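**Student:** There's a structure below that I have some questions on.
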Amino acid sequence: MDNTRPTPLVDDIDGTRRKLESWIASHRGHNVTIPQLSIPEATGMSNVTLLFDVLWEENGQPRSEPVVARLQPSIERPVFPDYDLTQQYEVMDIIGRNSDIPVPQLRGLETDKSLLGVQFYLMKRTEGRIPTDMPPYNMDGWMMHETSEPQRRSLWCAAVDTMARFHRLDYQQLGFAGLHEAGKTPLQQQLAYWQQYLDWALEGAGHTICQQALDWLSANQPDDEPTVLCWGDARLGNVIFNNSLDGIAAVLDWEMAVLGNPVQDLAWFNYLDATFSEGLGMPRLAGLPSYEETVTRWEQASGHSARDYDYYQVFAGMRYGLILSRIMLATGQDSEVQNSFACQLLQKYLERLT
């Protein structure tokens, strides 16, 4: 088996299909059929995605529903040391029931690994359009070729406004206070995690640029930060826009949800876009608002200050640099581990501040 695959389940698609049929039938109370499973070509290594339709009969009428399964990866060198599918599921469940933030409709969580060998959850497939990562949306794809500059501006602003509404939620009322580790600020908790991640991800080799960033971040921590539930992976590629391009159908990928300063989501949102342009030496997609305008719009919509934005740009660069370095190491691209475009961009941001 190709050990870069996220899970060995892809080697037994038919067996996996039959097991999922049985599991769904036991939870729905109806016999169900899954004609076939498909694995998106862009499936990454942080989670495994399966796409399929569920067919059943109810009150004498044929019914069907498009479904997405997210599976815990099983791979020799995963991107993250631990995967908490329960937390991902609970974040979406609580947000979906207690806010107007659009998230996928959930269809069940299984933490018992005896069925498929890994944990998994199911959600109804949300129809819509997602900006592409491969190729980057500023280089090819529907956003580049099928939208006007005003439409691109509208899509970007809709994503920023949704993120801002999310940051107005009270994490304590939602029941996420348990994510806070006693004796540490949320930022200290995150910095400790990413230092541990660096040691684990680089398998003891260290990382010159990212360690420099971590040292700077530890020495320059902001005071009196607000605390909210942060999306963690706030970026255009994690938004499903309506097919009509007049709004957002769902917000995706909550695996890095964490308590912290909401500016970290804003900085990540802008920084990930910058990796597709400045990081790759390409122009930004025409029509997208400037990063400065984005910051102002988010401040007005969220009610939070972006005074720590520069700090969290470095924080975003450190996180992305480490994650990409781990992926390079895990896929045998050793020459890019220390010197990827993400790390070079992080170095530029550090030089601007030091």
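The values are calculated or read from the model by the stated rules, or taken from the named source; none is laboratory data. Because the structure is a prediction, the values reported are computed rather than measured. Here the Cβ is made from the backbone with ideal geometry for all residues, glycine too, and neighbour counts use every protein chain on show.
**Student:** From Glu146, Glu90, grab the single residue that is surrounded by 17 or more Cβ atoms within 10 Å (Cβ to Cβ), out of contact with any Lys or Arg (no Cβ under 8 Å at 6 or more places or on another chain) and free of Cβ contacts under 8 Å to residues at least 12 places away in the same chain.
**Tutor:** One residue alone meets the criteria, Glu90.
**Student:** Can you tell me which residues in the range 180-202 are part of a helix (DSSP H, G or I) and not polar (S, T, N, Q)?
**Tutor:** Pro186, Leu187, Leu191, Ala192, Tyr193, Trp194, Tyr197, Leu198, Asp199, Trp200, Ala201
**Student:** Same structure, new question: In contact with a helix residue (DSSP H, G or I) (Cβ under 9 Å, 6 or more places away or on another chain) and under 21 Å from Val228 (Cβ atoms): does that describe Gly321?
**Tutor:** No.
**Student:** A further question follows. Residue check: is Ala301 out of contact with any strand residue (DSSP E or B) (no Cβ under 8 Å at 6 or more places or on another chain), farther than 26 Å from His180 by Cα and modelled with pLDDT of 95 or more?
**Tutor:** Taking the combined requirement at face value, the residue does not satisfy it.
**Student:** In the range 226-260, which residue that is touching a residue at least 12 places away in the same chain (Cβ under 8 Å) and polar (S, T, N, Q) is surrounded by the most Cβ atoms within 10 Å (Cβ to Cβ)?
**Tutor:** Among those residues, the one meeting the criterion is Asn238.
**Student:** Which numbered condition trips up Pro136, out of (1) within 12 Å of Leu285 (Cα to Cα); (2) surrounded by fewer than 20 Cβ atoms within 10 Å (Cβ to Cβ); (3) in contact (Cβ under 8 Å) with a residue 24 or more places away in the chain?
**Tutor:** (2)
**Student:** So how many residues does the range 110-124 have that are crowded, with 19+ Cβ neighbours inside 10 Å and either not in a loop (DSSP other than H, G, I, E, B) or not aliphatic (A, V, I, L, M) (or both)?
**Tutor:** 6
**Student:** Within the range 326-352, which residues are closer than 15 Å to Tyr312 by Cα and polar (S, T, N, Q)?
**Tutor:** Gln347
**Student:** Yes or no: the range 85-95 includes at least one residue that is under 26 Å from Arg326 (Cβ atoms), part of a loop (DSSP other than H, G, I, E, B), at pLDDT 95 or above and not charged (D, E, K, R).
**Tutor:** No, because not a single residue in the range 85-95 is under 26 Å from Arg326 (Cβ atoms), part of a loop (DSSP other than H, G, I, E, B), at pLDDT 95 or above and not charged (D, E, K, R).
**Student:** Can you find a residue that is touching a residue at least 24 places away in the same chain (Cβ under 8 Å) and part of a helix (DSSP H, G or I) anywhere in the range 282-291?
**Tutor:** no
**Student:** Do we find that Ala158 is crowded, with 16+ Cβ neighbours inside 10 Å, assigned by TED's automatic domain parsing to the domain that holds Leu285, over 17 Å from the mean Cα position of the chain (by Cα) and part of a helix (DSSP H, G or I) in this structure?
**Tutor:** The answer is yes for Ala158.
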